[in-house]
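Visitor: Shown below is the structure under consideration.
The values are calculated or read from the model by the stated rules, or taken from the named source; none is laboratory data. Since the model is a prediction, treat every value here as computed from it, not as a measurement. Glycine also receives a Cβ, built like all others from the backbone with ideal geometry; neighbour counts cover every protein chain displayed. These area figures cover heavy atoms from the full protein model, side chains too; ligands, DNA and RNA do not enter into them. Shrake-Rupley method; radii C 1.70, N 1.55, O 1.52, S 1.80 Å.
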Amino acid sequence: MKAYRLVLQASAWAAALLLGAIALLVTLDVVVRNLGLGTLAWVLEVSEYSLPVATLLVAPWLMHRNQHVRLDALLTSLPRGAARTLERCADVLGLAICAVFVVYGSRLVLDSARLGSMVVKTLAIPEWWQYALVPVCFSLLAIEFLRRLLARDEPARRAAGA
Amino acid sequence: MSWWLAASVLFGALGMLFALGLPAAFAFFGINIVGAWFYLGEEAGLVQLIRNGIVSITSFALTPIPFFILMGEVLFHTGVAMKAIDAIDRMIWKVPGRLSVVAVVAGTVFSAISGSTIATTALLGSLLLPQMLARGYHPSMAMGPIMAIGGVDMLIPPSALTVLLGSLAGISISQLLIAGIVPGVLLSAAFVAYIVLRTSLDPASITILDDVSQTIKSSPPGSVIVMFRVSSKSWATSASQNSRVFC
C-alpha cells in the first residue's frame with residue numbers, strides 16, 4: 001500500500017517537474033529567439049508532448065486525493081444512503097470507463113509498435129511512445145475507482161480532497 | 001440517427017453522469033466512448049478515440065494553460081495576491097455595499113493575475129465571504145459578486161478557457177485574449193454600478209452598518225491557510241482542465 005502511494009506521488013512529482021522544466025525551456029527559447037540566436041525547435045515539440053504526459057501522470061494522484069472537479073449538488077441534497085448508492089454507481093461507471101481505456105489503449109500501443117510507425121517532426125520518435133502512458137495511468141485510475149468502491153467508511157472516500 | 005436525437009442522448013447522458021458525481025473528466029470520457037462506438041465504428045472507433053485524444057492535446061497552442069495557472073500560483077504563494085486585496089480594501093470607502101464592491105474590484109485585479117477562474121473565486125470566497133456574512137450582508141449580496149467575478153476572470157487575460165476556445169475554434173488566441181479585456185472591465189463596472197444602485201435604492205438588501213474604518217484583517221497565519229487552500233484547488237482545476245481537453 002505504501003509502495004503504491006509512493007508510485008502515485010512519484011508520478012505527480014514527475015508531472016510537476018516536467019511542467020516546471022517546460023516553463024523554463026519555453027522562456028529560454030523566447031529569450032534566445034529575441035536575441036536573434038535562432039530558435040530551439042525541439043523545445044516546442046517537447047512541450048507539446050509533455051502536455052498529455054503531465055495530464056496522465058497527475059490524474060491518478062488527483063483521484064487518490066479526491067480532487068478531480070465534480071458536481072456534488074445532487075449528492076449533497078439527497079439523503080446519505082441514496083447519495084452513497086449514486087456514488088457507487090459513479091464508481092462502477094468510472095471503473096468501466098478506465099477499463100475501456102486500458103484495453104483499447106494497450107491495443108493501440110501494441111499495434112503501433114508492431115507496425116513500427118514513427119512520428120517525424122523535428123524529432124523522430126516511435127508513435128507508440130505517445131500512447132504508452134494511457135494503459136498504465138488508466139490502470140492506476142481503475143485501481144482508484146475500485147478502492148473507492150470497496151471503501152467502507154465515508155472519511156476514507158473523501159480523504160484529503162474535502 | 002438524426003442529429004437532434006444524438007445530441008439530446010449525448011448531452012442527456014453527460015448531465016446524468018455529472019449528477020451521479022462522476023468526476024467531470026470521466027463524464028466526458030464516458031460520452032466520448034459512446035459517441036466513438038456509434039460514430040467512429042465500434043472497436044476501431046475506441047482505438048481512434050484514444051489516438052485522437054492524445055494527438056489533440058499534443059498542441060503547443062495549449063501550453064499557456066498550465067503556464068497561466070503556474071503564474072497565478074507564484075503570485076498567490078509569494079503573497080502578492082493578499083497584498084493586492086488589502087490595498088483595494090483600503091482604497092474603497094464610503095461606498096454603499098462596500099465589501100461587495102471590494103470583491104468585484106479585487107476579483108477584476110486577480111483576473112489579470114490568475115489564469116484559473118476557480119482559484120480566484122476560491123480565494124475571494126474564503127477571504128471575503130465570512131466577513132460579509134458576519135457583518136450581516138444578505139447572502140445573495142455576499143456570494144453574488146464573488147461568483148459573478150468568475151465570468152470576468154474568464155474574459156480578462158490570462159485565461160485558460162480563452163486558450164481552449166481559441167485552440168478548438170481555430171481563432172487567433174492572442175487576439176482573443178486581447179479582445180477579452182474591454183468586455184471584462186465593462187462587465188465588472190456594470191457589477192459595481194448594480195451593487196451601488198441596488199444598495200442605495202434598497203438598503204435593506206444589506207442589513208448593516210458598513211464600518212468604513214474597519215479594513216480586512218488578514219493575519220499571516222490566516223493568509224497562509226487561504227493560500228494553501230487555493231493552491232490545492234487550482235491544482236485540481238489545472239489537471240481537470242487538461243483532462244477535459246483530452247476529450
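Visitor: Can you pull out the residues in segment A:66-107 that are more than 8 Å from every other protein chain (Cβ to nearest Cβ), under 14 Å from A:Leu146 (Cβ atoms) and among the aliphatic types (A, V, I, L, M)?
Guide: Across segment A:66-107, the qualifying residues are A:Val92, A:Leu95, A:Ala96, A:Ala99, A:Val102.
Visitor: Say whether the condition of being more than 10 Å from chain A (Cβ to nearest Cβ), under 30 Å from A:Glu45 (Cβ atoms) and open to solvent by 40 Å² or more (accessible area, probe 1.4 Å) is met by at least one residue in segment B:80-89.
Guide: No.
Visitor: If a residue has to be closer than 22 Å to B:Ala87 by Cβ and either in a helix (DSSP H, G or I) or within 13 Å of the chain's Cα centre (by Cα) (or both) to count, how many in segment B:135-149 make the cut?
Guide: Total meeting the criteria: 5.
Visitor: Can you tell me which residue within segment B:103-123, out of those that are under 19 Å from B:Ala193 (Cα atoms) and open to solvent by 10 Å² or more (accessible area, probe 1.4 Å), is farthest from the chain's Cα centre (by Cα)?
Guide: Filtering first and then ranking leaves B:Val105.
Visitor: With B:Ser100, B:Ser174, B:Ser126 as the choices, which residue is assigned to a helix (DSSP H, G or I), of a type outside the set (Phe, Trp, Tyr) and surrounded by 20 or more Cβ atoms within 10 Å (Cβ to Cβ)?
Guide: Every option except B:Ser100 fails the conditions.
Visitor: Hey, another quick one. Check segment A:69-84 and report whether any residue there is open to solvent by less than 20 Å² (accessible area, probe 1.4 Å), farther than 30 Å from A:Trp128 by Cβ and not acidic (Asp, Glu).
Guide: Checked against the condition, which is being open to solvent by less than 20 Å² (accessible area, probe 1.4 Å), farther than 30 Å from A:Trp128 by Cβ and not acidic (Asp, Glu), segment A:69-84 yields at least one hit.
Visitor: Moving to a separate point now. I need every pair where a residue in segment B:162-177 that is over 14 Å from B:Leu62 (Cβ atoms) has its Cβ under 6 Å from the Cβ of a residue that is of a type in the set (D, E, K, R) and outside any helix (DSSP H, G or I), sequence separation at least 6 or different chains.
Guide: Pairs that qualify, where the first residue is over 14 Å from B:Leu62 (Cβ atoms) and the partner is of a type in the set (D, E, K, R) and outside any helix (DSSP H, G or I): there are none.
Visitor: Of these, A:Trp42, A:Trp61, which one is part of a helix (DSSP H, G or I), more than 10 Å from chain B (Cβ to nearest Cβ) and more than 21 Å from B:Ala13 (Cβ to Cβ)?
Guide: Residue meeting the stated conditions: A:Trp42.
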